[in-house]
Each structure stands twice: as C-alpha cells, then as structure tokens.
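Only one structure is covered here, and it is reproduced in the block below.
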Amino acid sequence: MPGIRSTSIRAALFAIPISLTVLATAVAPADATAHRPSASLTCRGKGVDPDARVRYRTQTVIHAPLHTIWKAQTDVERWPSWQTAVTNAQRLDHGPFRPGSAFHWRTPIPPNPHTPATGLDITSTVRQVKPGSCIRWTGPAVGEGLRIDGVHVWNFTKVGNGVLVSTEETHTGPQVDANVPAATEILQRGLEAWLHDLKTAAEAHDRV
C-alpha cells in the first residue's frame, strides 16, 4: 500500500498468520503431502485463482468418520475450540452451510520491530459447496497496512482407512505479491497447521 516501506511489508509478512492458523512451530500432519500440481482442486467446477502467484496445496488422511470431519469444518463458530490461532469466529447467517453463507473470524498478529500486536480480520463467503464432498470460499483478510484476497478450496474423499482431506488456497494483493516466496511459505505453514488441528480434533472426537 502507498506509504508503507517495502522492508516493513516484508517484516509484517513474516509475522502474520495469513492463512488463519500460521504457527511458527506448526508440524505437518501425519500422512500429509504437499505439492503444486497443474490441475487445481475444484468444487462444483470452480477452483482457486488461476492468476495468483501465491498458492499452496496439501492433503492428509484423517482417521475419523466423514460426518465428524465435515461437522468440525463447517461449524464455524466452534473453530476457536480446536484451531489454535483462531481467536473468534461468527457466522453472519443462519441455517445450513450453503452458497452465500458468510462468516467473520479473527487471528492475532504478534508484534515485531515494525508493527505492534494487532489482528487479522477475515470475512469469508461460501461460493460453492457439496455436502460431504467439497467447499469453496473467498474473501478478504485485512490487517494494519495489509489486505489479502484469498480463494480457498477443500475436498473430502473417503478412502479405505479414513478420509483424504485436500486443500488448496491462493492469495493476491500488493503486499504478498511483493515477496512471493515469503508469502507462500507463510501460506504453507497456515494450511499445514489447519490440517494438523482438524486431524487432531476429529480423531480425538472419534475416540470419545
């Protein structure tokens, strides 16, 4: 953004959990595989932003019933109970998770030498959904001196020993485009952390 030095932008990028659950100590979930294939994940024929320079895709097998995983992922207001870096989340509509459903959520941004502690506010809108199969949502993430436009796709596929959960996300915006490798690394950490938390929560629920 005008008036923000590139060094400050770069420092902020390294501090901000762009993909909602960026943890400096995040561990990739067991069975996770990360790659950037030519074909993007889709939901009802729609995928991530094909022109985005910042993108990441990963997947893991979760050993829990599909309905348990789907419930955890779509019950947005309970995200803070199992996602480490989501401080609050609120549905902006009521009823089933459907196209047009919107939700607002917040993740903290730790202080760094260039910016004070603050938060990243994200408003997501569901664009496509197929119950038990896929979700695609879009929306801006806004923080102090930062705006990211994201597109996020989730696929859920039953496999012999559980459910293969695949996710792909793209980010666009002047700040992330200014340092694509750094922004991609942050996105990677965020998606791996989200899958780790989802796997942990779903498998723990199934053992109860």
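The values are calculated or read from the model by the stated rules, or taken from the named source; none is laboratory data. Quick caveat: nothing in here was measured; it's all calculated off a predicted structure. Cβ sites come from the backbone with ideal geometry, for glycine too, and all protein chains shown count toward neighbours. These accessible areas exclude ligands, DNA and RNA; they are computed on the full protein's heavy atoms, side chains included. Shrake-Rupley method; radii C 1.70, N 1.55, O 1.52, S 1.80 Å.
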Listed highest first by mean packing, meaning other Cβ atoms within 10 Å per residue, what order do 163-169, 45-51 come in? 163-169, 45-51
Given R₀ = 22 Å, what would the calculated FRET efficiency be for Asn161 paired with Thr42, taking r from the Cβ atoms and rounding to 0.05? 0.35
Rounded percent of accessible protein surface that carbon and sulfur make up, segment 73-208, 1.4 Å probe: 53 percent
Restricting to bridges with both residues inside segment 148-208, how much of the DSSP beta-bridge set is antiparallel, in percent to the nearest 5? 100 percent
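Under the 0.36 nm per residue contour assumption, what length would be gained going from the current alpha-carbon distance of Arg91 and Asp121 to full extension?
9.4 nm
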Inter-probe distance in nm under a simple model that places probes 7 Å from Cα toward Cβ, at His63 and Asp75: 2.3 nm
Under 5 Å between amide H atoms, partner at least 5 residues away or on a different chain: which partners does Glu144 have, H built in plane at 1.01 Å? Gly119
Virtual spin-label span in nm between Ser133 and Glu185, 7 Å along Cα→Cβ: 3.9 nm
